[in-house]
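Have a look at the structure below, then the notes.
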Amino acid sequence: MRFILAATLALLATPALAQFPPPGIYNCVDANGAKLGVLSLLAAGDYQWDTPDGKSATGQVSSASTSVTALSGPLADQHWSGQFAQGDKTSFAFKTDGGPVNCQ
C-alpha cells in the first residue's frame, strides 16, 4: 500500500512535458497575405528564418501546450508569440510588433 501511495505522489509531482510543434518548414504571411518568409522549425525549439530577399537567421522558441514564444533571434526581436494547431496541416497564428502573422 505504501508503494502505491508513493508512486501516486511521484506521478502527481512530475512536471508536465512541453509539447513542441512538429519540426517542419512553414510559409509565413502577414494579415494581407503578403509573403514574409519561411520558418523552419528544427528539433528542441531551434528555428531558421529565411526572408524573401534571401537573408537567413536563427534563434530559439519555447513552447508550452500549444503556445509558442520566440526566445532569441529575429522573431524574438519582433516579439513573436502565439498558438499552433495540428490538423491536416500544422498552422501557427502569431502576434508580432508588425501585426498578425500566419504560418502553414
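The values are calculated or read from the model by the stated rules, or taken from the named source; none is laboratory data. On a predicted model such as this, the values are computed, not experimentally measured, just so you know. Heads up, the Cβs are rebuilt from the backbone with ideal geometry, glycines too, and the neighbour counts pull from every protein chain shown.
Considering (1) free of Cβ contacts under 8 Å to residues at least 12 places away in the same chain; (2) within 13 Å of Pro23 (Cα to Cα); (3) of a type in the set (A, V, I, L, M, F, W, C), the lone condition that Phe92 does not fulfil carries the number (1).
Does segment 33-41 include one or more residues that are out of contact with any strand residue (DSSP E or B) (no Cβ under 8 Å at 6 or more places or on another chain) and part of a strand (DSSP E or B)?
First pass over segment 33-41, keeping only residues out of contact with any strand residue (DSSP E or B) (no Cβ under 8 Å at 6 or more places or on another chain): 33-34.
Next, only the ones that are part of a strand (DSSP E or B) stay: none.
No; the residues of segment 33-41 include none that is out of contact with any strand residue (DSSP E or B) (no Cβ under 8 Å at 6 or more places or on another chain) and part of a strand (DSSP E or B).
Identify the residue in segment 77-93 that is more than 9 Å from the chain's Cα centre (by Cα) and closer than 16 Å to Leu36 by Cα and, among all such residues, is surrounded by the most Cβ atoms within 10 Å (Cβ to Cβ).
Going through segment 77-93, the residues more than 9 Å from the chain's Cα centre (by Cα) turn out to be 77-80, 85-91, 93.
Restricting the remaining residues to those that are closer than 16 Å to Leu36 by Cα gives 77-80, 91, 93.
On the way: Asp77: 13, Gln78: 13, His79: 13, Trp80: 27, Ser91: 15, Ala93: 13.
Per the criteria, the residue is Trp80.
Name the residues in segment 73-96 that are in a loop (DSSP other than H, G, I, E, B) and within 12 Å of Tyr26 (Cβ to Cβ), would you? Matches in segment 73-96: Lys89 only. Does at least one position in segment 45-65 carry a residue that is over 12 Å from Phe20 (Cα atoms), in contact (Cβ under 8 Å) with a residue 60 or more places away in the chain, within 13 Å of the chain's Cα centre (by Cα) and surrounded by 13 or more Cβ atoms within 10 Å (Cβ to Cβ)? Among the residues of segment 45-65, not one is over 12 Å from Phe20 (Cα atoms), in contact (Cβ under 8 Å) with a residue 60 or more places away in the chain, within 13 Å of the chain's Cα centre (by Cα) and surrounded by 13 or more Cβ atoms within 10 Å (Cβ to Cβ), which makes the answer no.
Could you please let me know if Ile25 is β-branched (Val, Ile, Thr) and either part of a loop (DSSP other than H, G, I, E, B) or modelled with pLDDT of 95 or more (or both)? So Ile25 fits the description; yes.
Picking from Pro74, Pro15, which residue would you name as being of a type outside the set (Val, Ile, Thr) and either at pLDDT below 95 or more than 18 Å from the chain's Cα centre (by Cα) (or both)?
Unique residue meeting the criteria: Pro15.
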